Amino acid sequence: MLRAGIVGLPNVGKSTLFNAVVANAVAQAANFPFCTIEPNVGVVSVPDPRLDVLAKISGSEQILPARIEFVDIAGLVKGASQGEGLGNQFLANIREVDAIVHVVRCFENDDIIHVVGSVDPMRDIEIINMELTLADLAQAEKRLERARKDLKTKKEAQVEVDALEKVVPVLSEGGSARSVTLTEDEALSIKSLGLLTGKPMIYATNVSEDELATGNKWTEEVTKFAADSGAQVVRVSAQVEAELVELAEDERDEFLKALGVDEGGLKSLIRATYDLLGLQTYFTTGPKETRAWTIVKGMTAPQAAGVIHSDFERGFIRAETVAYKDLSENGSMNAAKEKGLVRSEGRDYIVQEGDVMLFRFNV
């Protein structure tokens with residue numbers, strides 16, 4: 001399952017946003033640092049209206065959407081990498097996620113204390129990124145020392161040494177592991193380190209309700225910084241998300257439209273995460289269930305089948321495939337087949353976004 005860690009300074013709206021997007025989460029949102037003592041975890045369904053259409057066509061008994069796990073981690077402060085605040089306890093939790101959502105405060109509110117004393121998102125970003133870098137540097141230097149000792153008895157340790165000798169100097173200068181070019185073998189050799197600055201980053205600019213549609217000078221700064229650093233950025237309003245939770249489903253779209261936006265923070269975050277990680281969705285559908293599956297773009301049909309079960313990949317024969325658009329427009333699989341829209345794809349087929357697939361296999 002895809003995992004994203006929500007991080008940021010205290011009182012930037014992390015736990016409020018987490019509570020809202022997870023809906024039933026129990027993270028405490030309070031106006032003081034470290035109110036989130038243990039990382040709160042919430043699993044949410046990935047909204048996808050195509051599932052309902054496919055389920056209706058197939059008469060499915062149940063719908064199983066893709067899922068994403070959000071981890072709300074306590075607010076970090078300057079010096080966290082050396083144990084300030086609750087320090088390394090939470091940095092360790094971030095190492096286990098696929099992507100980092102960095103919530104940045106881009107709103108004024110005299111009633112909500114800023115831990116540094118003023119609203120300055122670029123300063124806040126620098127604080128958090130530096131703590132991640134320092135934590136990575138300490139870990140990478142320690143690992144490099146050990147890997148060099150291992151060279152005396154293990155020739156294969158050379159790959160890890162080569163990787164770390166590229167990474168450590170960059171971290172020492174305040175750079176990120178993401179910016180280091182490694183070979184496939186080198187990247188694999190240090191994968192277990194879970195380097196924080198090597199993870200894809202999404203900056204969530206938290207704005208007031210009035211500025212959700214337009215943004216402000218701070219969101220413009222963060223957007224430019226994200227573009228220059230290869231990160232994604234989404235504009236959210238924890239205040240709006242909290243209000244959406246209180247509304248009935250049919251009232252939410254109207255509320256968002258009145259604010260001048262097309263979607264809420266959850267959809268924006270998921271879309272950005274999928275884009276950043278190079279992910280896409282394919283479907284399986286039948287009388288029993290309609291289900292969404294998350295795969296990496298570029299996967300072949302056997303690899304996509306393996307996401308369901310390793311036996312599907314091992315014994316792959318072919319995949320009966322139809323594009324979602326073709327199936328939905330024709331109303332049934334039989335109608336799509338009559339028009340020649342259902343294809344039999346082999347091992348080399350690259351799965352496309354929205355493919356509806358039925359795998360034939362033999363083990």
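The values are calculated or read from the model by the stated rules, or taken from the named source; none is laboratory data. Given the structure is predicted, the values throughout are model-derived calculations rather than measurements. Cβ: placed from backbone, ideal geometry, glycine included. Neighbour counts: every protein chain shown. Only protein heavy atoms, including side chains, enter the accessible area calculation; ligands, DNA and RNA are left aside. Shrake-Rupley method; radii C 1.70, N 1.55, O 1.52, S 1.80 Å.
What to note about this one:
So that you can scan it fast, the table gives a plain yes or no per residue for (1) farther than 20 Å from L64 by Cα; (2) over 28 Å from the mean Cα position of the chain (by Cα):
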position: L266; (1), (2): no, no
position: F283; (1), (2): no, no
position: S328; (1), (2): no, yes
position: N334; (1), (2): yes, yes
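- So L196, is it closer than 30 Å to A140 by Cβ and of a type outside the set (G, A, S): yes
- Hey, D250 more than 27 Å from V104 (Cβ to Cβ) and either open to solvent by 80 Å² or more (accessible area, probe 1.4 Å) or among the hydroxyl-bearing types (S, T, Y) (or both) or not: yes
- Screening the candidates N11, N19 for the property of being open to solvent by 10 Å² or more (accessible area, probe 1.4 Å), at pLDDT below 85, in a loop (DSSP other than H, G, I, E, B) and of a type in the set (S, T, N, Q) yields one hit, N11.
- Tallying residues that are of a type in the set (D, E) and within 16 Å of R3 (Cα to Cα) within the range 263-316 yields 1.
- Restricted to the range 154-252, the set of helices (runs of 4 or more DSSP H) holding at least 2 residues that are hydrophobic (A, V, I, L, M, F, W, C) and either touching a strand residue (DSSP E or B) at 6+ places or on another chain (Cβ under 7 Å) or in contact (Cβ under 8 Å) with a residue 60 or more places away in the chain (or both) comprises 217-229, 238-245.
- A238 vs. criteria open to solvent by 30 Å² or more (accessible area, probe 1.4 Å) and under 21 Å from the mean Cα position of the chain (by Cα): no
- Condition met for E211 (closer than 29 Å to V12 by Cβ and open to solvent by 30 Å² or more (accessible area, probe 1.4 Å)): yes
- Listed conditions (1) assigned to a helix (DSSP H, G or I); (2) out of contact with any helix residue (DSSP H, G or I) (no Cβ under 7 Å at 6 or more places or on another chain) are all met by E131, apart from (2).
- The number of residues in the range 172-197 that are within 27 Å of V119 (Cα to Cα) and not hydroxyl-bearing (S, T, Y) comes to 4.
- Test: residue in the range 325-339 that is farther than 26 Å from G278 by Cβ, among the polar types (S, T, N, Q), part of a helix (DSSP H, G or I) and open to solvent by 70 Å² or more (accessible area, probe 1.4 Å): yes
- Residues (outside any strand (DSSP E or B), open to solvent by 10 Å² or more (accessible area, probe 1.4 Å) and within 23 Å of G278 (Cβ to Cβ)) located in the range 340-357: R347, D348, Y349, Q352, E353
- Lone unmet requirement of (1) on the phi > 0 side of the Ramachandran plot; (2) free of Cβ contacts under 8 Å to residues at least 40 places away in the same chain for H309: (1)
- The range 253-268 - residue that is assigned to a helix (DSSP H, G or I) and among the hydrophobic types (A, V, I, L, M, F, W, C) and, of those, most open to solvent (accessible area, probe 1.4 Å): A258
- Of all the listed residues (I100, I68, I125, I57), the sole one being within 30 Å of T285 (Cβ to Cβ), modelled with pLDDT of 90 or more and not in a loop (DSSP other than H, G, I, E, B) is I57.
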